[in-house]
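Read-outs: derived from the displayed coordinates by stated rules, not from any lab. All values reported here derive from a predicted model rather than from experimental measurement. Methodologically, a virtual Cβ is constructed for each residue, glycine included, from the backbone with ideal geometry; neighbour enumeration extends over all protein chains shown.
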Amino acid sequence: MEISPWDIAIILSKMMIYIGISGSIGGVFIYWLVIKRAYQFNLRQHCQLMLFIGVVGTLLNFFIQVGAFAESGVAGLFDPFYNSLLWQSNAGDALLYRLAGFILVLISVTKVMAIGQYRRLFLVTFVLSTLLLVRSFSVIGHTAEMNLTSQLLLNLHVLLVFWWLGSLWPLWKACGFLSAPVLHTVMQQFGYYASYIVSLLILCGLIVAYQLIGSIEGLFLSSYGQSFLLKLILVIGILLIAANHKLNLVAKLLTNDQGKKALARSIQWEMVLALLILLITTWLTTVVGPEH
């Protein structure tokens, strides 16, 4: 399978999009989880950085697609014909959804999060921005041809993935910032939400994957299925780490002086697996398709 420089550029820009969306969604959630208990833990700069990465990745992804179609080198990035063509296609729709979503998250993070007031406005703005961001994934690629039910399942799966993976860095940061009793409370509450959300995430993911792959044989014999299996193995790995948090490490926060360091190291490994999962996802959606 030949990979062009354009494919590599698209993969990198998609990684920026995924990191930007997950970081902003997860960061805002952890902010809410901590701040509603009146614990001071400022994640505004982190969320703003993730948003910046996401916006840059979104713009790069669109223009790189233009350049790939134009096939005239770097100058092709701004080819007027292909710019107009993609702008009127699903790629243009995805660009608008993502930019609108990022702008709304930025308003929530910069204004509402900064002053700590207007909680209802914060919630409405954040929910709307999240819906726009996850919707962008069902208007492009092979998923755009799926029926409405499958697209809704995909949107829900994408949202939950970004929530989970995007929460890891703020939780790791919290290990060095919050006291052990406060961190214990936050991790217990996070584990409560995660126990339901991750189950739903896996169910939606398996249903959508089966619809894309089409058969059990395709799971083992096709390139797409094999790549999905590798992704599934990493997900199982990250689930085992999360289970160790819930059943072992979180409890030790109150009984072991090294509990915070042990939890932080474990979350670091979880973040490594999360990055690999995002990388395989970009590979599946860029180089490999269900037809392979």
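What 222 nm value per residue comes from the helices of the chain, counting each DSSP H run with n ≥ 4 as -39,500 (n - 2.57) and dividing by all residues, nearest 500 deg cm²/dmol? The partial results should precede the final answer.
Numbers: 11 runs with 220 residues, N = 292.
Calculated from helices alone, the mean residue ellipticity at 222 nm is -26000 deg cm²/dmol.
Beyond 25 Å, what percent of the Cα pairs of the chain remain? List each step's numbers first, then the result.
Working: 21396 of 42486 pairs.
Taking all Cα-Cα pairs of the chain, the fraction more than 25 Å apart is 50 percent.
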Would you mind checking which residues have amide H under 5 Å from Ile140's amide H? H placed 1.01 Å from N; only 5 or more apart, or other chain. none
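Among 160-166, 230-236, how do they line up from the highest to the lowest mean number of other beta-carbon atoms within 10 Å? Present the calculation step by step, with values, prior to reporting the outcome.
Numbers: 160-166: 23.9, 230-236: 16.3.
With the highest mean Cβ count within 10 Å placed first, the list reads 160-166, 230-236.
How high is the FRET efficiency from Ile236 to Gln188, r the C-beta distance, R0 22 Å, rounded to 0.05?
The calculated FRET efficiency here is 0.40.
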Compute, for the chain, the length of the dipole vector about the Cα centre, with Cβ point charges of +1 (Lys, Arg) and -1 (Asp, Glu) only. Units Debye, rounded to 20. 1560 debye
